[in-house]
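The structure appears below as structure tokens.
The values are calculated or read from the model by the stated rules, or taken from the named source; none is laboratory data. Predicted model only: the values in this text are computed from it and were never measured. As a convention, Cβ positions derive from the backbone with ideal geometry for all residues, glycine included, and neighbour counts pool all protein chains shown. For accessibility, only protein heavy atoms count, side chains too; no ligands or nucleic acids. Shrake-Rupley method; radii C 1.70, N 1.55, O 1.52, S 1.80 Å.
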Amino acid sequence: MSLFSKSSQRGILPGFGLTLGVTLLYFMIIVALPLLAMLYKSFNLGWADFWSIVSSDRAVATYRITIGAALLATLLNAMFGMLLAWVLVRYEFPGKRLLDAVVDLPFALPTAVAGLALVTVFSANGWFGRYLEPFGIKVAYAPLGIALAMMFTSIPFVIRTVQPVLEDVATDVEEAARSLGATNWQIFANIIWPAILPAFIAGCSLSFARSLGEFGAIVFISGNLPFETEVMSLLVFIRLDEYDYPAAAAIATVMLFIAFVMLFVTNSIQAWQLRYAERN
């Protein structure tokens, strides 16, 4: 029976060779070829020209602004995304289904529309901005607005990676620990947190990577001032608008490198955490 079952499962889709071939072809066309074309443009510059572009004062300013805002957005998304995932899993309340659906709104809403909405709310004469600016809190056309736009577009990654894992955490283990005298904090730290940590790290890394490449929501609320509120994706767009494709490719390569390094470090941490959990 087990052999028949295994054979049936393998026969649902075409053979391994055909399935793998179609998958790799799709991957090459959609992902690999555009990346290779970008790297080819960058390599054609030569090292001296490439370094001159990516290390210019304006480019370095965009790195600082983009990475700083992305880190702030990821930190806030980590906190509030974790809390929202916990609420959606552990509590029942009126409007829960609506809130659960709204979490995915940034995926469906065009980011340019999100940027316009944020400007409407946080500009100097906006709904909230008019009350914040008298206290010296400037959101629109400031780095804080960039971080806010990044938060809006990337928070679903944290929620949607943590939520299903949190749902799978066995509540009977928590009840057993509580019956043995464990406090709520001990239960969370020793039972729940180790189980959701890999998913939490993955969600935060995806949130950070998404924030690095955000464009539509930022371009409206940032003001796009060089050395002040100009981000990496906008500088790439400006170079493309100037038909300076090699410069655009060079800056995009830096963005790709930062995202790759961040994902590599994150995956290494996840692998180490999983090995640690298996040993214990």
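Screening Glu174, Glu167 for residues that are over 15 Å from Phe80 (Cβ atoms), open to solvent by 50 Å² or more (accessible area, probe 1.4 Å) and at pLDDT below 90 leaves exactly one candidate, Glu167. When Asn224 is tested against (1) crowded, with 17+ Cβ neighbours inside 10 Å; (2) touching a residue at least 12 places away in the same chain (Cβ under 8 Å); (3) of a type in the set (S, T, N, Q), exactly one condition is not met: (2).
Can you pull out the residues in the range 164-185 that are assigned to a helix (DSSP H, G or I) and within 32 Å of the chain's Cα centre (by Cα)? Even if it seems obvious, please write down each step before you answer.
In the first step, residues of the range 164-185 are kept if they are assigned to a helix (DSSP H, G or I); the result is 164-168, 171-179, 184-185.
Residues satisfying the conditions are Pro164, Val165, Leu166, Glu167, Asp168, Thr171, Val173, Glu174, Asn184, Trp185.
Can you go through Phe237, Phe188, Phe208 and tell me which one is assigned to a helix (DSSP H, G or I) and surrounded by 17 or more Cβ atoms within 10 Å (Cβ to Cβ)?
Phe208
Any residue at all in the range 61-75 that is open to solvent by 40 Å² or more (accessible area, probe 1.4 Å), among the β-branched types (Val, Ile, Thr) and either closer than 21 Å to Ser222 by Cα or free of Cβ contacts under 8 Å to residues at least 40 places away in the same chain (or both)?
Of all residues in the range 61-75, those open to solvent by 40 Å² or more (accessible area, probe 1.4 Å) come to 64, 67, 71-72, 75.
Now restrict to residues that are among the β-branched types (Val, Ile, Thr): 67.
Filter once more, keeping what is either closer than 21 Å to Ser222 by Cα or free of Cβ contacts under 8 Å to residues at least 40 places away in the same chain (or both): 67.
Yes: the range 61-75 contains one or more residues that are open to solvent by 40 Å² or more (accessible area, probe 1.4 Å), among the β-branched types (Val, Ile, Thr) and either closer than 21 Å to Ser222 by Cα or free of Cβ contacts under 8 Å to residues at least 40 places away in the same chain (or both).
Against the list (1) at pLDDT 85 or above; (2) open to solvent by 50 Å² or more (accessible area, probe 1.4 Å); (3) closer than 19 Å to Arg239 by Cβ; (4) not aliphatic (A, V, I, L, M), the condition Tyr91 fails is (3).
Restricting attention to the range 86-103, does a residue exist that is in contact with a Lys or Arg (Cβ under 8 Å, 6 or more places away or on another chain), assigned to a helix (DSSP H, G or I), farther than 17 Å from Gly216 by Cα and not aromatic (Phe, Trp, Tyr)? Scanning the range 86-103, I find at least one residue that is in contact with a Lys or Arg (Cβ under 8 Å, 6 or more places away or on another chain), assigned to a helix (DSSP H, G or I), farther than 17 Å from Gly216 by Cα and not aromatic (Phe, Trp, Tyr), so the answer is yes.
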